[in-house]
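The values are calculated or read from the model by the stated rules, or taken from the named source; none is laboratory data. These figures come from a predicted structure and were not determined experimentally. Using ideal geometry, Cβ is built from the backbone for each residue, glycine included, and neighbour counts are taken over all protein chains shown. These accessible areas exclude ligands, DNA and RNA; they are computed on the full protein's heavy atoms, side chains included. Shrake-Rupley method; radii C 1.70, N 1.55, O 1.52, S 1.80 Å.
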Amino acid sequence: MFRTFLVLSIIFVLISGCGKLGGVKWLHYDETFCADKWEKNVNNEKLKNNITEYLDKKGIKVFEIEIFSDITPDSCTECACKTGRRIKCKVSSGDVSELKNEKFYE
């Protein structure tokens, strides 16, 4: 009985004591023509690697990335204009505020 209580207590502490283990969230980013902080690439797999490397350097662990076109591109071609590609990143709930600082949104 004591052993069961001890094991359950340790599991509880590990899950609740560390905010980064408290769940995951998907956040979005709308790609721009040239204002993104990572190296741009038309190949989705290479772009995923570039984003993962950039966020890893910021201490943000990315569990999964999806890239798709679901918005209409802006009619302008200035640096901050949207390309129409949206990037979704699945991260730990503890990394949400850091990812929001990188211009991702829920």
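Of note:
- Pair list, Cβ < 8 Å and 6+ apart or interchain, from segment 72-98 residues that are at positive phi to residues that are open to solvent by less than 70 Å² (accessible area, probe 1.4 Å) and assigned to a strand (DSSP E or B): Gly84/Glu31
Here's the yes/no breakdown for (1) aromatic (Phe, Trp, Tyr); (2) in contact with a helix residue (DSSP H, G or I) (Cβ under 7 Å, 6 or more places away or on another chain):
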| site | (1), (2) |
| --- | --- |
| Thr32 | no, no |
| Trp38 | yes, yes |
| Asn41 | no, yes |
| Leu47 | no, no |
| Thr52 | no, no |
| Lys61 | no, yes |
| Ile67 | no, yes |
| Asp70 | no, no |
| Pro73 | no, no |
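- Residue pairs meeting the criteria (Cβ under 7 Å; at least 6 apart or on separate chains; first within 25 Å of Ser93 (Cβ to Cβ) and among the small types (Gly, Ala, Ser), in segment 38-63; second open to solvent by less than 40 Å² (accessible area, probe 1.4 Å) and not in a strand (DSSP E or B)): none
- For segment 22-40, the candidate set comprises residues that are more than 12 Å from Arg85 (Cα to Cα) and among the aromatic types (Phe, Trp, Tyr); within that set, the residue that is surrounded by the fewest Cβ atoms within 10 Å (Cβ to Cβ) is Trp26.
- Selection within segment 92-102 - under 17 Å from Lys48 (Cβ atoms) and either exposed (fewer than 14 other Cβ atoms within 10 Å of the Cβ) or in contact with a Lys or Arg (Cβ under 6 Å, 6 or more places away or on another chain) (or both): none
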